[in-house]
Every structure is written in C-alpha cells, then in structure tokens.
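Some notes on the structure that comes next.
The values are calculated or read from the model by the stated rules, or taken from the named source; none is laboratory data. All of these numbers come straight from a predicted model, not from anything done at the bench. Glycine gets a Cβ as well: all are built from the backbone with ideal geometry, and neighbour counts include every protein chain shown. Calculation scope for accessible area: heavy atoms of the full protein, side chains included, ligands and nucleic acids excluded. Shrake-Rupley method; radii C 1.70, N 1.55, O 1.52, S 1.80 Å.
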Amino acid sequence: MIDDPEAWDSALVSKKLGVVLGVTHTAVSARVRKLVESGTLTLLSRGRGVPGRVRFAKLPASVSSTLESNGVAVGLVDLLAGGSEAPSESNGSAADAARVLRAVTEPSVGYGAIGDAAWQYALLRALGSEDALPQGRRTRARRTLRDAGLDPDDVRAFADAARTLSEGEPARLRDEREAARVIEAAERAASAERSRAQKKLVHERVLPGLLAHVGAVPKTPTREWVGAMRDACAGVVADESKREVVAVLRGALRQKLLRAGWSTDEVTRGIAIILPKAA
C-alpha cells in the first residue's frame, strides 16, 4: 500500500503479500487484524478464499500530532504520496527512510540474514524513533545487523546491503515460493471455473431436463413425484465421476423445492431420497 505508484490509500491483502514478506498468509492476516484493531487500517471487505481490501484509517489526533513533530516522518509521507519538492536536508533523510521502507520486499529480509525485526529497527532509526522499541529488541536487532555484515548506525547503506544480501539462496527461496503460489492460484482459478461451468450446466440443462421428464414440482410432496425424480437421477448418483455435479444438483433442487412451497423438513427428506449422499 505504502509504495503503490498511484499512491492509493487502499489495497488487497492477498497471498502474494505473504510471499514477499516471507511469512504465511495466516501471519499476514493476523497482522492485518491487529492493525485494524489498533485503528491503523479500516477493513473494507473480506470473503472466504478471496483477498480482503483494507484502507488506511484517519489518524487519531494524538498519533497525528506525534507524526507532525517528526520532520523526517512528514517528509517520508509526502515523498511516498508523490508530493515532495526539491530535496532539502529533511527530504534527504526522508529519502533514506523511504529506501529502508521499500527494502522490506528484499528476499534478505523475508528469507535471509536480516529479518523483519532488524528491518523494523533500521526503519525506526531512519526516522529517529528507535527508542520506540524495547531495549532488548534493539539489542537483538543491532546484533543481527552486525552478524549480517551491516553497520547498525549506517541507515543510508541499509537498502543497498539488503539487496546484495538477497542474491543467491534468499532470492532462490523467494522465487520458489512465488512459483508455488502462482501454480496454486492457477489451480484455484481453474477449480472456480469448473464450478461455474457445472452450476451453469445444472441450472440451464440438467435440472430443467429432469423436470421436463418427471413433471413440474408439485406444491406439496407426493410419493409418486419423489419416486419418479429419484429414478430419473439414479444414473447420475451412481456415477462416481459425477459427484461434483450431484452436489451442485442437490443445491439447485433444494432451491427449486423451497420455491415451490415445500417446508424445510419436507425438502430435507425429499432430497435424501432423490439424491442420497454416499455412505
């Protein structure tokens, strides 16, 4: 979101973000929930199995005043929003902070020697706000940076060093995981397309064909109609390769029976006879 070239204030939270950061999608979702709970983000939409859309929330007055008192932070926001003018000394520091911020996408942060905690320390140091971290976290982050061959106090060199440290194994690990994500996304898309095609087939051809053969749904259940419908569906039910079609047909028939005026109990009993589930 922060590095969006169009400076949009909202974005989709997808599995690709977890790949970039080197964490699971569950971890990304947990972080987003915490940011929503803290008032940093507003959750605009979410759904099962699809990316959720979030937007930056309006900062509370207390947070806004803290931000405005930090010239580098103000310059960073302006720079990311595309509103910075010719670089001043403050803008120069903001540019350093922006480079550290964008370095979070480097494989060395998510998959290599630097890590998320050390990156966070480097960003806060670029903003002159490293004291916001507990002493223990600062000490561990500085040790991590030194072990990676970086000077913890040299913020300006952080982004270039992170890029260099990304070469080799970290980049390979990130690329492998991204390739797996792309395959998984393609498989999900293909499955969704099959599901749409099956629903269209059932609603437009299979169910109308069955009703044309058996007769329209009666307003109240009759033994004759249920038995005839069961016999008409027997071939599909017995075909193991048609399980997904049967599941879709079961839902479509349920809707049809309810609309005809059958009670919920009558529909449940009728479906169990017409389209019994496999044992």
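Could you count how many residues in region 243-270 are under 19 Å from Gln198 (Cα atoms) and open to solvent by less than 80 Å² (accessible area, probe 1.4 Å)? Quick ask: steps written out before the conclusion?
The initial filter retains those residues of region 243-270 that are under 19 Å from Gln198 (Cα atoms), namely 243-256.
Within this subset, residues satisfying the condition of being open to solvent by less than 80 Å² (accessible area, probe 1.4 Å) are 245-253.
So the answer is 9.
Identify the single condition in (1) surrounded by 13 or more Cβ atoms within 10 Å (Cβ to Cβ); (2) closer than 17 Å to Gly110 by Cβ; (3) among the hydrophobic types (A, V, I, L, M, F, W, C) that Val54 does not satisfy, given that it satisfies every other one.
Tallying (1) surrounded by 13 or more Cβ atoms within 10 Å (Cβ to Cβ); (2) closer than 17 Å to Gly110 by Cβ; (3) among the hydrophobic types (A, V, I, L, M, F, W, C), Val54 fails exactly one: (2).
Keeping to region 143-157, report how many residues are over 17 Å from Ala97 (Cα atoms), part of a helix (DSSP H, G or I) and touching a helix residue (DSSP H, G or I) at 6+ places or on another chain (Cβ under 8 Å). It would help to see each step written out before you state the result.
Just the residues of region 143-157 that are over 17 Å from Ala97 (Cα atoms), to begin with: 143-144, 146-149.
Cutting the leftovers down to part of a helix (DSSP H, G or I) gives us 143-144, 146-147.
So of that shortlist, the ones also touching a helix residue (DSSP H, G or I) at 6+ places or on another chain (Cβ under 8 Å) come out as 144.
The qualifying residues number 1.
Residues checked against (1) loosely packed, with under 15 Cβ neighbours inside 10 Å; (2) modelled with pLDDT under 85:
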| position | (1), (2) |
| --- | --- |
| Glu6 | yes, yes |
| Val28 | no, no |
| Ser38 | yes, no |
| Val50 | yes, yes |
| Glu68 | yes, no |
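Does at least one position in region 80-87 carry a residue that is farther than 26 Å from Arg31 by Cα and of a type in the set (A, V, I, L, M)?
Residues of region 80-87 farther than 26 Å from Arg31 by Cα: 82-87.
With of a type in the set (A, V, I, L, M) added as a condition, the list becomes 86.
Yes: region 80-87 contains one or more residues that are farther than 26 Å from Arg31 by Cα and of a type in the set (A, V, I, L, M).
Output the residues belonging to region 259-279 that are within 20 Å of Glu204 (Cβ to Cβ) and out of contact with any helix residue (DSSP H, G or I) (no Cβ under 6 Å at 6 or more places or on another chain). Give the steps one after another, and end with the answer.
Kept after step one, since they are within 20 Å of Glu204 (Cβ to Cβ), are these residues of region 259-279: 259-260, 274-275.
Hits for region 259-279 are Arg259, Ala260.
Kindly evaluate Leu150 against the criterion of being over 29 Å from the mean Cα position of the chain (by Cα), open to solvent by less than 40 Å² (accessible area, probe 1.4 Å) and hydrophobic (A, V, I, L, M, F, W, C).
Values: over 29 Å from the mean Cα position of the chain (by Cα): yes; open to solvent by less than 40 Å² (accessible area, probe 1.4 Å): yes; hydrophobic (A, V, I, L, M, F, W, C): yes.
For Leu150, the condition - over 29 Å from the mean Cα position of the chain (by Cα), open to solvent by less than 40 Å² (accessible area, probe 1.4 Å) and hydrophobic (A, V, I, L, M, F, W, C) - is met.
Is it the case that some residue within region 191-201 is of a type in the set (Lys, Arg), under 22 Å from Gly270 (Cα atoms), surrounded by fewer than 12 Cβ atoms within 10 Å (Cβ to Cβ) and modelled with pLDDT under 95?
If we filter region 191-201 for residues that are of a type in the set (Lys, Arg), which is where we start, we get 194, 196, 199-200.
Still in the running and under 22 Å from Gly270 (Cα atoms): 199.
Subset that is surrounded by fewer than 12 Cβ atoms within 10 Å (Cβ to Cβ): none.
No, that holds for no residue.
What residue, of Val54, Val63, is modelled with pLDDT under 90 and β-branched (Val, Ile, Thr)? Break it down into steps so the answer makes sense when it comes.
Details: Val54 fails: modelled with pLDDT under 90.
Exactly one residue qualifies, and that residue is Val63.
What single numbered condition from (1) modelled with pLDDT of 90 or more; (2) open to solvent by 30 Å² or more (accessible area, probe 1.4 Å); (3) more than 20 Å from Ser69 (Cα to Cα) fails to hold for Val155?
(2)
Pick from region 158-172 the residues that are open to solvent by 60 Å² or more (accessible area, probe 1.4 Å) and assigned to a helix (DSSP H, G or I): which of them is nearest to Val72 (Cα to Cα)? Steps first, answer last, please.
Of all residues in region 158-172, those open to solvent by 60 Å² or more (accessible area, probe 1.4 Å) come to 160, 163-164, 167, 169, 172.
From what is left, the residues that are assigned to a helix (DSSP H, G or I) are 160, 163-164, 169, 172.
Numbers: Asp160: 20, Arg163: 23, Thr164: 26, Glu169: 34, Arg172: 35 Å.
Of everything passing the filter in region 158-172, Asp160 is nearest to Val72 (Cα to Cα).
Which pairs have Cβ atoms under 8 Å, sit 6 or more apart or on different chains, and link a residue in region 5-21 that is in the same structural domain as Leu43 (by the TED database) and hydroxyl-bearing (Ser, Thr, Tyr) to one that is at pLDDT 90 or above and buried (at least 18 other Cβ atoms within 10 Å of the Cβ)?
Ser10/Val54
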